[in-house]
1. When each pair of different Cα atoms in region 543-631 is counted once in the 1/r mean, what is the Kirkwood radius in angstroms, to one decimal?
2. Amide H of Asp298 versus every other amide H placed in the peptide plane: which residues, excluding those fewer than 5 positions away on the same chain, fall under 5 Å?
3. So for each of 493-500, 568-575, 181-188 I average, over its residues, the number of other beta carbons within 10 Å; can you give me the resulting order with the highest mean first?
4. Search the structure for amide H atoms under 5 Å from the amide H of Asp219, placed 1.01 Å from N in the peptide plane, and list their residues when 5 or more places away or on another chain.
5. List the GluC sites (Glu not before Pro) in region 462-521 that DSSP assigns to loop (not H, G, I, E or B) and whose Cβ has at most 13 other Cβ atoms within 10 Å. Which are they?
6. Non-local amide H neighbours of Ala232 (under 5 Å, H modeled in plane, Pro and chain starts lacking H): which ones?
7. Give me a comma-separated list of calculated 3J(HN,Hα) values for region 627-641, in order, Karplus coefficients 6.51, -1.76, 1.60 applied at θ = phi - 60°, integers in Hz, x for any Gly or Pro.
8. Hey, of (i) 0.93; (ii) 1.16; (iii) 1.08, which did the structure itself give for Cα Rg over 2.2 N^0.38 Å when calculated?
Amino acid sequence: MKKFLRVVGKIIFILFTVFVASSLLIVGGIWGYQKYKDYKLEKYLKALPEDPTISTDMTVKLHGDEKIGGQKMTIQEKVDAGLNPYVADTSGNGISDWDALHTYHTDPKKFSTADDGISDLAKIKEGLDPTKPLDKDAIEEFSIEDEKLDVAIHTNDLNAKYHSFIESYQQDELEAIYEPVREPVQFFNYTGEVELKLPEKVKNKKKLKAFYFDFDKEDFVEIKKQRVEDDAIFATINDSFPVFILDPNTYEKIEKYYYFRVSGFQFSRAVAGFDHKVFIFKRAWRDSDNFVEDKYEDEEYGITELSIGTIGPISAAFLDGVYALLDKIFAPLDGTDGTLLARALLDYGTVMGTPDYVKKYSMPWIFDEEFNQEEVYSAKVIDTGFLSNANAFRFGNMLTPLGDGGICAGIVRVIERVFNQEEIEKELSYKPETVKSWLREYLGSAGYKSLSYNLEPQLDQYAFLEDGYLYGYRFTDEQISYIGKETYIDDIVIDPSKIDEPDRTLVKMLETQWIYANEMINYKTKPYESSNITIIDQVEDALANGNIVYASLHKGSGGHAVNIYKMEYDEFDPDLIRLYAYDSNFPYGRLKEEKKRELFMNIYKKKRKTADGVEEYFEFDYTPFSSKNYSYNNTTDDHEIRFFVNDQALKGK
């Protein structure tokens with residue numbers, strides 16, 4: 001018997017070793033393959049064309065002697081001075097570039113000309129010389145109070161006095177679950193100690209605690225430095241996340257939980273009687289062998305067994321190490337089907353919250369069909385119903401002899417007009433209107449005179465003009481018939497004069513529409529205050545009316561154009577909006593290759609105090625692949641975005 005057990009033990013050990021080795025080989029192979037895919041994507045992003053006619057350089061050449069909005073400096077003057085031509089205040093300190101140069105003789109590129117951290121605006125408001133350093137320790141403490149919100153800031157930081165904002169924060173779901181004892185508030189442009197007064201009838205005041213709600217983690221985080229004094233909590237904050245005051249009955253339930261899920265589906269059901277096994281561990285003072293067991297049956301997801309227990313600090317530290325190791329293994333798969341495949345079999349993580357919240361988080365299919373930790377939350381969605389595999393061409397951006405930086409603008413305008421049920425010009429001839437295009441035509445022989453097309457003779461070849469189904473069009477010429485099937489964008493140049501009909505006329509149409517759209521945007525529409533916050537309201541109105549929007553992205557020597565078809569307000573952050581974009585550099589098939597369903601840009605609603613009052617504006621960031629090789633934004637760079645609907649610029653109210 002002992003000999004038999006030893007043999008069985010050896011067999012089990014060998015099988016286990018083979019299983020572990022095979023698993024490591026599979027994971028290593030997936031990791032290596034994903035690294036290779038990341039390398040290919042990075043190489044592809046670097047090679048993407050940029051349209052020189054949609055650029056800051058073009059704006060300067062066409063409108064250099066003009067002024068944007070109420071600015072006193074021309075575009076050319078700002079560019080020559082190394083300033084952002086699209087905003088009045090390059091440094092963001094509340095002093096316009098003009099006033100910095102000509103009124104106060106400060107550096108318009110610096111928030112603090114004296115480099116002491118105190119803004120030029122604060123010093124000017126205090127009657128001080130903004131060019132001379134100030135000893136912060138010599139400033140007497142003062143208070144900033146908001147009686148309506150029952151909060152105060154006690155500080156000697158002059159920046160807080162002239163740049164901070166205090167606002168209430170409301171999120172019905174969070175308030176219903178966590179029952180804050182007073183109204184949550186946000187402190188913008190301030191770090192340091194704040195005072196939050198407590199309601200008179202609140203019990204156990206000494207036990208109350210202040211928490212951040214972290215938008216990025218979607219978790220509560222206890223503020224490290226805080227104290228209860230009299231009828232208020234004093235907390236030291238270092239972020240603009242909303243601050244909640246929670247009572248003991250709630251915050252004691254907000255614990256760090258570890259969860260771990262293994263899903264074997266039919267295999268594990270046959271062997272062990274369940275499809276999914278979920279463990280939830282609450283961190284406590286010591287380990288416990290007692291588990292609360294539960295079982296759930298779902299018609300679609302099968303049988304789930306749940307075990308809830310507690311673990312001590314040593315076991316928790318061990319799990320932290322295991323999770324860190326798993327993160328390293330799965331990190332290269334983030335955002336790919338590789339991650340989805342891995343997560344289908346295995347899921348793990350930590351979450352802060354109440355027990356019910358943790359159950360919902362770890363088993364969303366059981367407790368809430370709409371709860372999905374992989375998805376982006378939204379408070380409101382405005383969706384036109386645009387689909388890239390129906391309402392856009394199956395091919396993407398392309399290079400032509402004239403459109404040597406890609407003809408994205410033409411593709412975007414055609415997609416917009418067809419979807420918005422606007423007439424596309426059946427026949428169009430281009431005539432140069434800008435100085436640059438005139439010079440290119442007559443001195444450089446650019447060939448713009450040949451930019452024309454006529455769809456009339458073969459309208460039956462372009463069914464999309466009637467049914468709006470652009471994706472149905474396929475190239476038929478043998479030289480390019482593979483585009484849209486085997487590849488979606490390449491470095492080949494498509495010359496309409498060398499291909500057959502009906503592709504010849506289609507490419508000529510896109511090429512003509514490209515220069516027509518750019519001339520209309522860069523010549524007929526003069527630069528305007530494109531960060532006006534009410535422009536976002538106009539974008540929402542357009543989408544709500546079923547119209548997709550043409551977005552023109554400008555930077556240095558090149559630019560790009562995309563279609564905006566959906567708007568989504570973040571569920572937790574009231575100042576974050578996502579605009580979903582169809583990008584002709586990533587048509588449906590190409591996007592599918594990257595395991596992405598949609599691309600979006602972030603819109604950040606902002607406001608700042610200036611010498612003339614409070615200014616509301618927005619910033620944008622279109623970095624769909626977390627790579628600065630493919631990014632248009634004005635959060636870190638001096639880029640610009642403009643929106644158009646049916647050729648009309650959205651300039652705000």
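The values are calculated or read from the model by the stated rules, or taken from the named source; none is laboratory data. This is a predicted model, so every value here is computed, not measured. Cβ sites come from the backbone with ideal geometry, for glycine too, and all protein chains shown count toward neighbours. Just so you know, the surface numbers come from the protein's heavy atoms only, side chains and all, with ligands and any DNA or RNA stripped out. Shrake-Rupley method; radii C 1.70, N 1.55, O 1.52, S 1.80 Å.
1. On the way: mean 1/r = 0.0674 Å⁻¹.
14.8 Å is the Kirkwood radius here.
2. Ile303, Thr304
3. Listed from highest to lowest mean packing, they are 181-188, 568-575, 493-500.
4. HN-HN under 5 Å from Asp219: Asp214.
5. Details: sites: Glu466, Glu478, Glu486, Glu511, Glu519; in loops: Glu478, Glu486.
Answer by residue number: Glu478, Glu486.
6. Leu198
7. 10, 6, 6, 9, 8, 10, 6, 10, 7, 10, 10, 8, 9, 9, 10
8. Read-out from the structure maps to (ii).
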